[in-house]
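As C-alpha coordinates, the structure follows; a few thoughts come after it.
The values are calculated or read from the model by the stated rules, or taken from the named source; none is laboratory data. This one's a predicted model, so the numbers in the text were calculated from it and none came from an experiment. As a convention, Cβ positions derive from the backbone with ideal geometry for all residues, glycine included, and neighbour counts pool all protein chains shown. Quick note on the areas: whole protein, heavy atoms, side chains included, nothing else; ligands and nucleic acids left out. Shrake-Rupley method; radii C 1.70, N 1.55, O 1.52, S 1.80 Å.
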Amino acid sequence: GRAEGVKGRDMMREIGIMEVGGFQVGHAQDLEAATGCTVILCDRMSSAGLDVRGGGPASRESQILAPVAAAQGINAVLLSGGSAFGLDAAGGVQRYLEERGIGFDTGVAKVPLVSQSCLFDLGVGSKEVRPTADMAYQACENASRSAPALGNVGAGTGCSIGKYRGIDRAMKSGFGTFALQSGPVKVGALVAVNALGDVYSPDGKVVAGLLDKKKSGLSCTLDELFSDASPTGNLFTGNTTLGVIVTNAQFSKTPLTKISGMAHNGYARAIRPVHTTADGDSIYALSVGSVPGDINLVGALAAQAMDMAILRAVQTAKSAYGLIGLSDLSH
(Lines give C-alpha, C1' and ligand atoms only; values in the text may rest on other atoms or scores of the structure.)
Protein backbone atom coordinates (compact mmCIF):
# COMPACT_ATOMS: atom_id res chain seq x y z
CA GLY A 1 0.00 0.00 0.00
CA ARG A 2 0.96 3.65 -0.28
CA ALA A 3 1.48 3.97 3.46
CA GLU A 4 4.16 1.30 3.64
CA GLY A 5 7.70 2.33 4.46
CA VAL A 6 10.95 0.49 4.97
CA LYS A 7 12.10 -1.33 8.05
CA GLY A 8 14.21 0.56 10.53
CA ARG A 9 14.07 3.26 13.18
CA ASP A 10 12.84 5.92 10.74
CA MET A 11 10.22 3.79 9.02
CA MET A 12 7.23 5.73 7.71
CA ARG A 13 4.14 4.61 9.59
CA GLU A 14 0.53 5.63 9.93
CA ILE A 15 -0.45 7.62 13.01
CA GLY A 16 -3.65 9.28 14.19
CA ILE A 17 -4.23 12.74 12.76
CA MET A 18 -4.28 14.35 16.21
CA GLU A 19 -0.90 12.82 17.08
CA VAL A 20 0.65 15.56 14.95
CA GLY A 21 -0.24 17.92 17.82
CA GLY A 22 -0.54 21.68 17.96
CA PHE A 23 -4.14 22.11 16.82
CA GLN A 24 -7.78 21.22 17.39
CA VAL A 25 -10.49 20.25 14.90
CA GLY A 26 -14.20 21.03 15.13
CA HIS A 27 -17.20 20.29 12.92
CA ALA A 28 -20.65 21.85 12.70
CA GLN A 29 -23.32 21.05 10.14
CA ASP A 30 -26.94 21.35 9.11
CA LEU A 31 -27.77 17.78 8.15
CA GLU A 32 -31.18 18.64 6.74
CA ALA A 33 -29.77 21.34 4.44
CA ALA A 34 -26.68 19.24 3.58
CA THR A 35 -24.02 21.79 4.40
CA GLY A 36 -21.45 22.42 7.11
CA CYS A 37 -18.00 23.63 8.07
CA THR A 38 -14.81 22.35 9.67
CA VAL A 39 -12.37 24.50 11.62
CA ILE A 40 -8.70 23.86 12.39
CA LEU A 41 -7.71 25.97 15.39
CA CYS A 42 -3.96 26.42 15.91
CA ASP A 43 -2.62 26.37 19.46
CA ARG A 44 -0.42 29.33 18.54
CA MET A 45 -0.22 31.64 15.55
CA SER A 46 1.20 29.26 12.95
CA SER A 47 3.04 29.75 9.69
CA ALA A 48 0.93 28.73 6.71
CA GLY A 49 1.11 28.37 2.95
CA LEU A 50 -1.59 27.94 0.32
CA ASP A 51 -1.63 26.55 -3.20
CA VAL A 52 -4.81 26.94 -5.29
CA ARG A 53 -4.89 24.81 -8.44
CA GLY A 54 -8.57 24.79 -9.34
CA GLY A 55 -10.06 27.44 -11.60
CA GLY A 56 -13.03 28.39 -9.42
CA PRO A 57 -11.97 29.06 -5.82
CA ALA A 58 -13.95 30.90 -3.15
CA SER A 59 -11.59 32.09 -0.42
CA ARG A 60 -11.08 34.66 2.32
CA GLU A 61 -7.81 36.00 3.74
CA SER A 62 -5.84 34.00 1.20
CA GLN A 63 -3.59 36.88 0.17
CA ILE A 64 -2.03 37.14 3.64
CA LEU A 65 -0.48 33.71 3.00
CA ALA A 66 1.48 34.96 -0.02
CA PRO A 67 5.23 34.94 0.72
CA VAL A 68 5.42 38.70 0.05
CA ALA A 69 2.63 39.53 2.53
CA ALA A 70 3.58 40.84 5.99
CA ALA A 71 1.59 38.31 8.08
CA GLN A 72 3.85 35.55 9.36
CA GLY A 73 1.13 33.27 10.66
CA ILE A 74 -2.58 32.61 11.09
CA ASN A 75 -4.80 31.47 13.95
CA ALA A 76 -7.20 29.17 12.11
CA VAL A 77 -8.33 27.67 8.82
CA LEU A 78 -12.01 27.20 8.02
CA LEU A 79 -13.26 24.79 5.37
CA SER A 80 -16.86 25.47 4.46
CA GLY A 81 -19.75 24.58 2.21
CA GLY A 82 -22.05 27.20 0.74
CA SER A 83 -19.92 28.30 -2.22
CA ALA A 84 -19.05 32.03 -2.04
CA PHE A 85 -22.08 32.58 0.22
CA GLY A 86 -20.26 30.59 2.91
CA LEU A 87 -17.45 33.12 3.18
CA ASP A 88 -19.40 34.97 5.86
CA ALA A 89 -18.83 32.03 8.21
CA ALA A 90 -15.23 32.98 9.03
CA GLY A 91 -16.60 35.89 11.06
CA GLY A 92 -17.80 33.35 13.61
CA VAL A 93 -14.29 31.97 14.03
CA GLN A 94 -12.97 35.50 14.43
CA ARG A 95 -15.58 36.23 17.10
CA TYR A 96 -14.72 33.04 18.98
CA LEU A 97 -11.01 33.86 18.96
CA GLU A 98 -11.49 37.56 19.78
CA GLU A 99 -13.53 36.66 22.86
CA ARG A 100 -10.52 34.68 24.07
CA GLY A 101 -7.97 37.39 23.36
CA ILE A 102 -6.42 35.48 20.46
CA GLY A 103 -5.13 37.24 17.35
CA PHE A 104 -2.43 39.42 15.84
CA ASP A 105 -1.65 42.28 18.19
CA THR A 106 -1.97 45.49 16.21
CA GLY A 107 -1.37 47.64 19.30
CA VAL A 108 -5.02 48.71 19.19
CA ALA A 109 -6.73 45.34 19.15
CA LYS A 110 -5.89 41.70 18.64
CA VAL A 111 -7.14 40.73 15.18
CA PRO A 112 -7.69 36.98 14.65
CA LEU A 113 -6.31 35.87 11.29
CA VAL A 114 -8.60 33.24 9.79
CA SER A 115 -8.15 31.87 6.28
CA GLN A 116 -11.14 30.21 4.66
CA SER A 117 -12.04 28.29 1.53
CA CYS A 118 -15.51 27.20 0.42
CA LEU A 119 -16.80 24.34 -1.70
CA PHE A 120 -19.96 24.22 -3.82
CA ASP A 121 -22.64 22.05 -2.19
CA LEU A 122 -25.71 24.12 -3.12
CA GLY A 123 -27.09 21.45 -5.45
CA VAL A 124 -27.14 18.65 -2.87
CA GLY A 125 -29.45 19.97 -0.16
CA SER A 126 -30.95 23.43 0.23
CA LYS A 127 -29.47 26.14 -1.96
CA GLU A 128 -30.85 28.77 0.44
CA VAL A 129 -29.08 27.46 3.56
CA ARG A 130 -25.34 28.04 3.88
CA PRO A 131 -22.80 27.90 6.72
CA THR A 132 -23.11 31.03 8.84
CA ALA A 133 -20.95 32.78 11.41
CA ASP A 134 -23.01 31.09 14.12
CA MET A 135 -22.36 27.66 12.60
CA ALA A 136 -18.62 28.34 12.44
CA TYR A 137 -18.69 29.58 16.05
CA GLN A 138 -20.34 26.27 16.98
CA ALA A 139 -17.59 24.39 15.13
CA CYS A 140 -15.04 26.24 17.28
CA GLU A 141 -16.95 25.28 20.43
CA ASN A 142 -16.97 21.67 19.20
CA ALA A 143 -13.23 21.70 18.50
CA SER A 144 -11.13 19.21 20.45
CA ARG A 145 -7.97 17.12 20.37
CA SER A 146 -9.97 13.95 19.84
CA ALA A 147 -9.93 12.25 16.45
CA PRO A 148 -12.47 14.13 14.31
CA ALA A 149 -15.49 12.38 12.87
CA LEU A 150 -15.23 11.36 9.21
CA GLY A 151 -17.65 11.11 6.30
CA ASN A 152 -20.86 13.15 6.27
CA VAL A 153 -19.76 15.78 8.79
CA GLY A 154 -18.54 19.37 8.78
CA ALA A 155 -17.40 20.58 5.39
CA GLY A 156 -17.95 17.03 4.12
CA THR A 157 -21.71 17.07 4.82
CA GLY A 158 -22.77 18.06 1.31
CA CYS A 159 -19.77 16.67 -0.58
CA SER A 160 -20.19 14.61 -3.72
CA ILE A 161 -18.00 13.28 -6.53
CA GLY A 162 -18.34 12.17 -10.15
CA LYS A 163 -20.52 15.04 -11.43
CA TYR A 164 -19.45 15.21 -15.06
CA ARG A 165 -22.93 14.04 -16.13
CA GLY A 166 -24.71 16.01 -13.43
CA ILE A 167 -25.68 15.37 -9.82
CA ASP A 168 -28.07 12.54 -10.80
CA ARG A 169 -25.14 10.19 -11.54
CA ALA A 170 -22.87 11.46 -8.76
CA MET A 171 -21.90 9.66 -5.54
CA LYS A 172 -21.73 10.79 -1.92
CA SER A 173 -18.34 11.79 -0.56
CA GLY A 174 -17.26 13.46 2.66
CA PHE A 175 -14.49 14.45 5.04
CA GLY A 176 -11.35 12.35 5.55
CA THR A 177 -8.04 12.40 7.39
CA PHE A 178 -4.76 10.49 7.32
CA ALA A 179 -1.38 11.03 8.97
CA LEU A 180 2.14 9.64 8.69
CA GLN A 181 5.33 9.75 10.73
CA SER A 182 8.94 9.37 9.63
CA GLY A 183 11.40 9.65 12.50
CA PRO A 184 10.32 12.64 14.60
CA VAL A 185 8.51 14.30 11.67
CA LYS A 186 4.73 14.01 11.60
CA VAL A 187 2.51 15.07 8.71
CA GLY A 188 -1.27 14.87 8.49
CA ALA A 189 -3.92 15.66 5.91
CA LEU A 190 -7.54 16.73 6.38
CA VAL A 191 -9.76 16.98 3.32
CA ALA A 192 -13.33 17.62 2.20
CA VAL A 193 -13.64 15.77 -1.12
CA ASN A 194 -16.10 17.48 -3.46
CA ALA A 195 -14.70 16.77 -6.91
CA LEU A 196 -15.98 16.88 -10.46
CA GLY A 197 -13.89 13.75 -11.08
CA ASP A 198 -13.65 10.22 -9.71
CA VAL A 199 -11.63 8.86 -6.79
CA TYR A 200 -9.01 6.18 -7.43
CA SER A 201 -7.54 3.51 -5.17
CA PRO A 202 -3.81 2.81 -4.67
CA ASP A 203 -3.90 0.21 -7.46
CA GLY A 204 -5.08 2.81 -9.97
CA LYS A 205 -8.69 1.67 -10.23
CA VAL A 206 -11.79 3.85 -9.94
CA VAL A 207 -13.42 3.19 -6.56
CA ALA A 208 -16.09 5.90 -6.48
CA GLY A 209 -17.42 8.68 -8.67
CA LEU A 210 -19.47 8.81 -11.85
CA LEU A 211 -22.19 6.16 -11.88
CA ASP A 212 -23.19 4.29 -15.02
CA LYS A 213 -26.53 5.07 -16.63
CA LYS A 214 -28.29 2.37 -14.59
CA LYS A 215 -26.70 3.73 -11.41
CA SER A 216 -25.80 0.19 -10.40
CA GLY A 217 -22.06 0.47 -10.95
CA LEU A 218 -19.31 2.85 -11.96
CA SER A 219 -18.53 4.54 -15.23
CA CYS A 220 -15.30 6.52 -15.73
CA THR A 221 -15.26 10.31 -15.95
CA LEU A 222 -12.02 10.38 -17.94
CA ASP A 223 -13.39 7.94 -20.53
CA GLU A 224 -16.57 9.99 -20.94
CA LEU A 225 -14.61 13.25 -21.02
CA PHE A 226 -12.28 11.92 -23.71
CA SER A 227 -15.24 10.69 -25.77
CA ASP A 228 -16.87 14.12 -25.87
CA ALA A 229 -15.65 16.03 -28.90
CA SER A 230 -17.56 19.22 -28.07
CA PRO A 231 -17.97 21.31 -24.90
CA THR A 232 -20.43 19.87 -22.39
CA GLY A 233 -21.74 23.19 -21.07
CA ASN A 234 -21.88 24.33 -17.44
CA LEU A 235 -20.01 21.95 -15.13
CA PHE A 236 -20.42 24.08 -12.02
CA THR A 237 -22.82 21.59 -10.45
CA GLY A 238 -21.04 21.26 -7.12
CA ASN A 239 -17.28 20.98 -6.97
CA THR A 240 -14.01 21.91 -5.17
CA THR A 241 -11.86 19.71 -2.95
CA LEU A 242 -10.43 21.49 0.09
CA GLY A 243 -7.44 20.19 2.03
CA VAL A 244 -5.20 21.12 4.95
CA ILE A 245 -1.74 19.73 5.68
CA VAL A 246 -0.54 19.91 9.28
CA THR A 247 3.03 19.16 10.31
CA ASN A 248 5.06 19.34 13.50
CA ALA A 249 8.06 20.36 11.38
CA GLN A 250 9.04 24.01 11.62
CA PHE A 251 8.82 26.06 8.43
CA SER A 252 8.09 29.62 7.39
CA LYS A 253 5.30 30.32 4.92
CA THR A 254 7.51 30.29 1.82
CA PRO A 255 8.51 26.60 2.15
CA LEU A 256 4.98 25.83 3.35
CA THR A 257 3.67 27.21 0.07
CA LYS A 258 5.92 24.68 -1.70
CA ILE A 259 4.74 21.89 0.61
CA SER A 260 1.10 22.71 -0.13
CA GLY A 261 1.97 22.53 -3.82
CA MET A 262 3.62 19.13 -3.37
CA ALA A 263 0.53 17.94 -1.50
CA HIS A 264 -1.47 18.53 -4.69
CA ASN A 265 0.31 15.42 -6.00
CA GLY A 266 -1.97 13.54 -3.61
CA TYR A 267 -4.97 15.14 -5.30
CA ALA A 268 -3.62 14.12 -8.70
CA ARG A 269 -3.08 10.50 -7.64
CA ALA A 270 -6.50 10.10 -6.06
CA ILE A 271 -8.80 12.32 -8.17
CA ARG A 272 -9.13 12.27 -11.95
CA PRO A 273 -9.66 14.67 -13.59
CA VAL A 274 -8.52 17.22 -11.02
CA HIS A 275 -7.76 20.97 -10.99
CA THR A 276 -10.41 21.65 -13.64
CA THR A 277 -11.95 25.04 -14.31
CA ALA A 278 -15.07 23.79 -12.50
CA ASP A 279 -13.10 23.01 -9.31
CA GLY A 280 -11.57 25.41 -6.80
CA ASP A 281 -9.09 22.83 -5.50
CA SER A 282 -7.04 24.33 -2.68
CA ILE A 283 -4.58 23.03 -0.08
CA TYR A 284 -3.31 24.85 3.01
CA ALA A 285 -0.13 23.78 4.81
CA LEU A 286 0.29 24.62 8.51
CA SER A 287 3.44 24.37 10.61
CA VAL A 288 2.12 23.59 14.11
CA GLY A 289 5.37 22.42 15.73
CA SER A 290 9.07 23.11 16.07
CA VAL A 291 10.73 19.86 14.92
CA PRO A 292 13.51 20.32 12.33
CA GLY A 293 12.33 18.94 9.00
CA ASP A 294 13.38 18.58 5.38
CA ILE A 295 11.03 20.27 2.92
CA ASN A 296 11.20 17.42 0.41
CA LEU A 297 10.45 14.78 3.06
CA VAL A 298 7.52 16.75 4.41
CA GLY A 299 6.20 17.51 0.93
CA ALA A 300 6.37 13.84 -0.06
CA LEU A 301 4.66 12.76 3.17
CA ALA A 302 2.01 15.44 2.61
CA ALA A 303 1.19 14.07 -0.84
CA GLN A 304 1.04 10.52 0.53
CA ALA A 305 -1.18 11.49 3.44
CA MET A 306 -3.50 13.55 1.23
CA ASP A 307 -3.85 10.67 -1.22
CA MET A 308 -4.99 8.35 1.55
CA ALA A 309 -7.19 10.96 3.26
CA ILE A 310 -9.16 11.36 0.03
CA LEU A 311 -9.72 7.62 -0.16
CA ARG A 312 -10.84 7.55 3.45
CA ALA A 313 -13.30 10.39 2.80
CA VAL A 314 -15.19 8.31 0.24
CA GLN A 315 -14.88 5.10 2.26
CA THR A 316 -16.55 6.70 5.29
CA ALA A 317 -19.25 8.63 3.43
CA LYS A 318 -22.77 7.25 3.86
CA SER A 319 -25.60 7.36 1.34
CA ALA A 320 -27.59 10.57 1.77
CA TYR A 321 -29.59 13.19 -0.12
CA GLY A 322 -30.33 10.71 -2.89
CA LEU A 323 -26.61 10.05 -3.43
CA ILE A 324 -25.12 6.58 -3.07
CA GLY A 325 -22.21 6.09 -0.68
CA LEU A 326 -19.42 3.66 -1.49
CA SER A 327 -20.55 1.16 1.15
CA ASP A 328 -23.92 0.85 -0.60
CA LEU A 329 -22.66 0.61 -4.17
CA SER A 330 -23.17 -2.83 -5.66
CA HIS A 331 -20.15 -4.23 -7.47
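Where does the longest stretch of the chain lie that holds no trypsin sites (Lys or Arg not before Pro) found in a DSSP loop with 15 or fewer other Cβ atoms within 10 Å?
The segment 216-317 is the longest one with no such site.
All other residues with a Cβ under 11 Å from the Cβ of N75 taken together, and with Lys, Arg as +1 and Asp, Glu as -1, what is their net charge?
Around N75, the charge tally is 0.
Heavy atoms of the protein only, probe of 1.4 Å, neighbouring chains included. What is the accessible area of H275 in Å², nearest 10?
50 Å²
Among G36, G21, G82, which one moves the most in a GNM of the chain with springs linking Cα atoms closer than 10 Å?
Of G36, G21, G82, the Gaussian network model singles out G21 as fluctuating most.
Measure nothing fancy, just the Cα-based angle from helix 90-99's long axis to the longest principal axis of the chain, in degrees from 0 to 90, nearest 10.
Taking Cα atoms only, the helix is inclined about 30 degrees.
Given R₀ = 22 Å, what would the calculated FRET efficiency be for A109 paired with E141, taking r from the Cβ atoms and rounding to 0.05?
In this case the efficiency is close to 0.45.
How much net charge surrounds I283 when only other residues with a Cβ under 10 Å from its Cβ are counted (Lys, Arg +1; Asp, Glu -1)? Let's see the in-between values first.
On the way: positive: R53; negative: D51, D281.
Residues near I283 contribute -1 overall.
Below 14 angstrom from the Cβ of Y164, what's the summed charge of the other residues (Lys, Arg +1; Asp, Glu -1)?
Charge balance near Y164 sits at -2.
Take every DSSP beta bridge whose two residues both sit in the chain, then give the antiparallel share in percent to the nearest 5.
80 percent
Note down the relative contact order for the stretch 1-105 as a percent, whole number, built from C-alpha pairs under 8 angstrom at least six residues apart.
21 percent
Restricted to Cα positions, what overall size does the stretch 138-186 have along the principal axes? Three whole-Å values, descending.
Each principal axis gives a Cα extent; for the stretch 138-186 these are 45, 32, 11 Å.
Can you compute the FRET efficiency between Q63 and D168 using 1/(1 + (r/R0)^6), with r the Cβ-Cβ distance and R0 = 45 Å? Round to the nearest 0.05.
On the way: r = 38 Å, r/R0 = 0.84.
Computed FRET efficiency for Q63 and D168: 0.75.
For the chain, report the % of Cα-Cα distances exceeding 29 Å.
Roughly 31 percent, once rounded to a whole number.
In this model, which of K253/K318; K110/K186; K127/K214; K127/K318; K205/K258 are farther than 25 Å apart at the alpha-carbon? Intermediate results must be reported in sequence, preceding the final value.
Numbers: K253/K318 36 Å; K110/K186 30 Å; K127/K214 27 Å; K127/K318 21 Å; K205/K258 29 Å.
Cα-Cα > 25 Å for K253/K318; K110/K186; K127/K214; K205/K258; rest within.
Between helix 295-316 and the chain, what is the angle of the helix's C-alpha long axis to the longest principal axis, kept within 0 to 90° and rounded to the nearest 10?
Its long axis makes an angle of about 50 degrees.
Would you kindly state the longest site-free stretch of the chain, with sites defined as GluC sites (Glu not before Pro) in a DSSP loop (not H, G, I, E, B) surrounded by at most 15 other Cβ atoms within 10 Å?
Numbers: sites that count: E4, E32, E128.
For GluC sites (Glu not before Pro) (loop position, at most 15 other Cβ atoms within 10 Å), the longest site-free span of the chain is 129-331.
Could you give me D for the stretch 84-230, from Stokes-Einstein at 4 °C and 1.567 mPa s, where the hydrodynamic radius is the Kirkwood radius over C-alpha pairs? Units µm² s⁻¹, please.
Estimated via Stokes-Einstein, D reaches 72 µm²/s.
Kindly report, to the nearest 10 Å², the accessible surface of F85 as traced by a 1.4 Å probe over protein heavy atoms only.
Only protein atoms counted, so the area is about 110 Å².
In deg cm²/dmol, rounded to 500, what helix-only [θ] at 222 nm does the chain give when every DSSP H run of at least 4 residues adds -39500 (n - 2.57) and the total is split over its residues?
-6500 deg cm²/dmol
What is the distance in Å between the Cα centroid of the stretch 294-312 and that of the stretch 121-137?
Centre-to-centre distance over Cα atoms comes out at 30 Å.
Sorted by accessible area (1.4 Å probe), largest first, how do F175, F120 line up? Could the numbers behind the result be given before it?
Numbers: F175 0, F120 60 Å².
Ranked from most to least accessible, the order is F120, F175.
Quick one: Debye curve from the alpha-carbon atoms of the stretch 159-282 only, equal weights, vacuum; give me log10 I(q)/I(0) at q = 0.21 Å⁻¹ to two decimals.
After summing over all Cα pairs, the log10 values are -1.18.
How far apart, in nm, are the 7 Å Cα→Cβ label points at E128 and S290?
If labels sit at E128 and S290, their model points lie 5.3 nm apart.
Search the structure for amide H atoms under 5 Å from the amide H of G158, placed 1.01 Å from N in the peptide plane, and list their residues when 5 or more places away or on another chain.
It is G36, by chain and number.
Expressed as a rounded percentage, what relative contact order does the stretch 174-331 have, with Cα pairs under 8 Å and six or more residues apart?
34 percent
Mind grabbing the accessible area of D168 for me, 1.4 Å probe, Å², rounded to tens?
We get 100 Å² for D168.
Expressed as a rounded percentage, what relative contact order does the chain have, with Cα pairs under 8 Å and six or more residues apart?
24 percent
Once the stretch 161-226 is represented by equal point scatterers at the alpha-carbon sites, with solvent omitted, what log10 I(q)/I(0) does the Debye formula produce at q = 0.14 Å⁻¹?
For the requested q values the scattering log ratios are -0.49.
Just subtract the alpha-carbon distance of S201 and E99 from 0.36 nm times their residue separation and send over the number in nm, one decimal.
32.3 nm
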